[in-house]
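Chemist: Below you will find the structure I want to go over with you.
The values are calculated or read from the model by the stated rules, or taken from the named source; none is laboratory data. Here the structure is a predicted model, which is why all the values come from computation and not from measurement. Every residue, glycine as well, gets a Cβ built from its backbone with ideal geometry; the counts of neighbours run over all protein chains shown. Side chains are part of the model used for accessible areas, which takes the heavy atoms of the whole protein and leaves out ligands, DNA and RNA. Shrake-Rupley method; radii C 1.70, N 1.55, O 1.52, S 1.80 Å.
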There are 2 protein chains.
Amino acid sequence: MKKLLLLYLVLIVTFMAYLYTAYFRESDGGMNTVTGLHGERDEKYVMVNFLTGIDYWKNALKGFEDAAEALGVSVEYRGSTRYDVHEEAMVLEQVIARKPAGIAVSAINSEALNAAIAKAAEAGIPVVMFDSDAPNSKALSFLGTDNYSAGATAARHIAELAGSEGKVGIITHPNQLNHQERTKGFDETLRAEFPGLELVSIADGKGDQLESEKQALAMMRLHPDLAGIFVTEANGGVGAGNAVLKESKLGQVRIISFDTNKGTLDMVKSGTIAATLAQGTWNMGYWSLMQLFHAHHERSDGMPESRDLGSVAFPLPAYVDTGISVVTRANVDRYYAK
Amino acid sequence: MKKLLLLYLVLIVTFMAYLYTAYFRESDGGMNTVTGLHGERDEKYVMVNFLTGIDYWKNALKGFEDAAEALGVSVEYRGSTRYDVHEEAMVLEQVIARKPAGIAVSAINSEALNAAIAKAAEAGIPVVMFDSDAPNSKALSFLGTDNYSAGATAARHIAELAGSEGKVGIITHPNQLNHQERTKGFDETLRAEFPGLELVSIADGKGDQLESEKQALAMMRLHPDLAGIFVTEANGGVGAGNAVLKESKLGQVRIISFDTNKGTLDMVKSGTIAATLAQGTWNMGYWSLMQLFHAHHERSDGMPESRDLGSVAFPLPAYVDTGISVVTRANVDRYYAK
């Protein structure tokens with residue numbers, strides 16, 4: 001009977017402990033518990049872009065998913081499978097109609113999605129842009145590469161490889177803004193920091209491998225002492241790599257390319273391309289979701305950390321430079337798409 | 001006895017429920033629970049700056065504290081009380097010696113803290129810069145105002161007030177980089193978007209109220225039809241406001257000022273200053289802590305959302321533009337320091 005009484009006592013204490021725990025765990029802001037920053041499983045955030053199947057987006061989606069996992073919310077991936085403005089706009093409108101908690105959009109065209117984005121804003125659905133901006137839209141912010149700064153990184157890396165004296169060239173897409181900025185950042189950084197490195201040629205590779213190869217060959221023949229070429233996009237990087245192989249100038253003409261598709265990474269691995277610049281695509285996805293989560297909760301919950309901010313016009317940072325990293329033979333294996 | 005048995009049964013079931021709850025709540029990633037993004041109470045993040053007592057920092061510290069509360073971590077506020085480079089460097093070294101989880105620094109001088117920041121990096125303590133950058137340091141990122149874009153906002157707002165035709169002036173600090181960028185953003189945006197608005201004068205207000213008043217008076221006398229003045233810092237804004245009152249040009253010469261100290265806000269409230277530009281200081285603090293938290297956990301925990309990223313060189317977005325908001329009579333009350 002004594003033992004039974006003891007067991008009885010233990011069970012009563014346990015019962016009280018249960019009530020206590022349940023109470024404090026459930027209460028918001030209870031001092032004994034940390035619930036952290038989290039949403040609900042049925043809170044859905046959607047990533048919308050174009051050419052949805054290409055490798056380039058994998059890491060951005062991974063970042064988006066990783067942030068959702070950390071915050072306990074759900075994500076969905078949508079977009080146009082083709083390079084088609086109207087299809088992307090249509091998919092975006094469909095997504096808006098289902099009233100998700102937030103949408104991260106990469107715009108195929110800087111103007112074409114403005115009307116759809118305005119509809120989302122009217123419906124109270126926060127939209128952020130990533131990778132490709134729609135600057136005149138109602139999107140709350142843009143998360144992507146600072147292309148000028150990427151060009152500056154290329155200039156500093158080519159100087160590291162080629163030394164502070166010599167001739168270098170650029171192969172680019174002269175009519176696209178992103179590429180103009182990469183070129184400008186490269187050029188101005190050389191002038192400011194490495195006056196002994198002379199930019200002798202800016203060629204139009206047309207975003208095409210063979211055309212870029214042709215331009216690289218012409219550049220090397222005109223300037224036999226050329227020390228390096230910065231190619232502002234991936235197809236051209238492989239073309240320039242082939243040109244260097246054909247002219248047997250490996251080790252003399254250093255190629256710095258852009259992005260991390262398989263062809264480029266293979267050439268980095270073999271040493272034909274000295275380095276390529278990887279964009280912070282994981283960051284784009286991760287911090288897009290983080291921003292959307294904050295915008296959503298500011299609107300609907302008045303979360304403690306944004307309550308004071310709610311009525312003031314700083315819903316989100318206006319721009320996030322998601323960074324650039326230099327991929328060389330030493331770290332190339334990490335960049336292959338999984 | 002039967003009743004006792006029933007009670008007994010209830011207690012046993014409760015005990016099992018307790019075990020079950022405790023187990024699933026404690027287990028990381030259990031499917032029935034959301035723990036969200038959170039750290040530990042003894043995980044301390046420190047904000048370090050200079051002139052620690054001024055109103056300007058209040059909102060940045062509030063953002064830092066709000067993020068800490070959301071994430072369940074601790075913060076501390078340190079810095080030099082005076083405008084003293086050596087004092088700030090000394091305080092920063094003291095903070096580093098105590099090995100906090102991360103440090104957000106606003107640099108009194110763009111170079112003077114580099115050595116201390118390098119020590120933090122060696123000790124594995126993440127550092128981010130906010131408001132005032134140290135671009136050549138080992139800090140992981142910078143969170144602050146895009147001054148060029150702030151100047152562009154001022155230009156668009158002055159065009160809204162003054163119409164698309166007329167003369168405008170600037171009163172600035174011509175030798176400081178931040179102010180040069182504000183001026184450039186204003187000037188280039190006028191040229192590109194409002195060619196009918198002519199920038200007729202750029203005067204040096206020396207960051208001083210009386211000198212700025214003198215410059216504003218001279219500008220209005222030389223250009224009696226002047227429609228607006230953009231003043232790139234707060235003391236000058238009040239000076240220009242006084243000049244407009246003295247010349248009885250209220251309603252004709254619109255002043256756009258910068259920042260939100262009390263004198264400026266009072267003049268916005270009374271209508272002497274048409275608008276002032278508030279920097280996203282809450283964002284600076286909030287997202288600084290968010291970034292430091294991620295850097296800390298990437299290093300020490302290998303959090304799920306950054307595990308794949310861990311070895312790749314994207315610890316954090318490189319730059320966050322914390323935004324600008326336009327303060328007018330309509331929303332001025334929200335901006336007084338609390």
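Chemist: With springs connecting C-alpha atoms under 10 Å apart, model chain B as a Gaussian network and identify which of B:154, B:134, B:118 has the largest mean-square fluctuation.
Modeler: Result for chain B, Cα springs under 10 Å: B:118 fluctuates most.
Chemist: Using only DSSP helix segments of four residues or longer, with each worth -39500 (n - 2.57), what per-residue ellipticity at 222 nm results for chain B after dividing by its residue count and rounding to 500?
Modeler: It lands at -14500 deg cm²/dmol.
Chemist: Ok, one more. Rounded to the nearest 10 Å², what accessible area does residue B:187 show when all protein chains are kept and the probe is 1.4 Å?
Modeler: About 30 Å², ignoring ligands and nucleic acids.
Chemist: To the nearest whole number, what is the average tally of beta carbon atoms from other chains within 10 Å of the beta carbons of peptide A:319-331?
Modeler: Whole-number average of other-chain Cβ neighbours for A:319-331 is 4.
Chemist: Another question about this same structure. P(r) of chain A in 20 Å steps, Cα pairs, percent per bin?
Modeler: Result returned by the calculation: 27, 43, 21, 6, 2, 0.
Chemist: Now for a different question. So, R0 is 30 Å and r is the distance between the beta-carbons of residue B:270 and residue B:87; what FRET efficiency does that work out to, to 0.05?
Modeler: Efficiency for this residue pair is about 0.20.
Chemist: Then there is this: Kirkwood Rh, the range B:147-278, all Cα pairs: how many Å?
Modeler: Across the range B:147-278, the inverse of the average 1/r is 13.8 Å.
Chemist: Based on the alpha carbons, how large is the Rg to Rh ratio for the protein assembly as shown when Rh follows Kirkwood?
Modeler: 1.03
Chemist: Given points 7 Å out from each Cα along the Cα-Cβ axis, report the residue B:248 to residue B:184 separation in nanometres with one decimal.
Modeler: Simple spin-label model gives 4.3 nm for this pair.
Chemist: Where a Cα-Cα gap under 23 Å defines reach, which lysines qualify for residue A:3, not counting those fewer than 8 residues away within the same chain?
Modeler: Excluding near neighbours in sequence, the set is B:2, B:3.
Chemist: What does the copy distance list look like for residue A:160, label position 7 Å along Cα→Cβ, in nm and ordered from shortest?
Modeler: Those separations, rounded to one decimal, come out as 4.4 nm.
Chemist: Could you pull out every whole DSSP H run in chain A that spans at least 27 Å of Cα extent along its own axis and averages 0.5 or higher on the Kyte-Doolittle scale?
Modeler: A:2-26
Chemist: Compute a Gaussian network model of chain A, connecting alpha carbons closer than 10 Å, and tell me which residue from A:257, A:164, A:141 fluctuates the most.
Modeler: Highest fluctuation among the options: A:164.
Chemist: Also, quick follow-up: Between the range A:80-102 and the range B:243-286, how far is it from one alpha carbon centroid to the other, in angstrom?
Modeler: Answer, in whole Å: 42.
Chemist: Per the Debye formula with a single identical scatterer at each Cα and no solvent contribution, what log10 I(q)/I(0) holds for the range A:55-123 at q = 0.24, 0.25 Å⁻¹?
Modeler: Debye curve over Cα of the range A:55-123, log10 I(q)/I(0) at q = 0.24, 0.25 Å⁻¹: -1.17, -1.22.
Chemist: Another question, if that's okay. Among A:124, A:196, A:151, which one moves the most in a GNM of chain A with springs linking Cα atoms closer than 10 Å?
Modeler: The residue with the greatest mean-square fluctuation here is A:196.
Chemist: Would you mind counting up the charge near residue B:184? Only other residues with Cβ under 13 Å from its Cβ, with Lys and Arg at +1 and Asp and Glu at -1.
Modeler: -2
Chemist: Would you list, by chain and number, the lysines whose Cα falls below 22 Å from the Cα of residue A:62, excluding same-chain residues fewer than 8 positions away?
Modeler: Qualifying lysines at Cα under 22 Å: A:44, A:262, A:338.
Chemist: Suppose you put the label 7 Å out from Cα in the Cβ direction; list, shortest first and in nm with one decimal, how far residue A:85 is from each other copy's label.
Modeler: Here the equivalent label points are 5.3 nm apart from this one.
Chemist: Which entries of B:167/B:249; B:206/B:246; A:206/A:249; B:99/B:119; A:214/A:246; A:214/A:249 show an alpha-carbon separation above 18 angstrom in the structure shown?
Modeler: B:206/B:246; A:206/A:249
Chemist: Between residue A:41 and residue B:328, how many nm apart are label points set 7 Å from Cα along the C-beta direction?
Modeler: Computed distance between label sites residue A:41 and residue B:328 equals 4.7 nm.
Chemist: Rounded to whole Å, how close does chain A get to the rotation axis onto B by Cβ? Give me the residue too, please?
Modeler: A:36, 1
Chemist: On to the next question. Name the long-range amide H neighbours of residue B:203: under 5 Å, sequence gap of 5 or more, or other chain; modelled H, no Pro or chain starts.
Modeler: Excluding prolines and chain starts, which carry no amide H, the hits are B:170, B:171, B:172.
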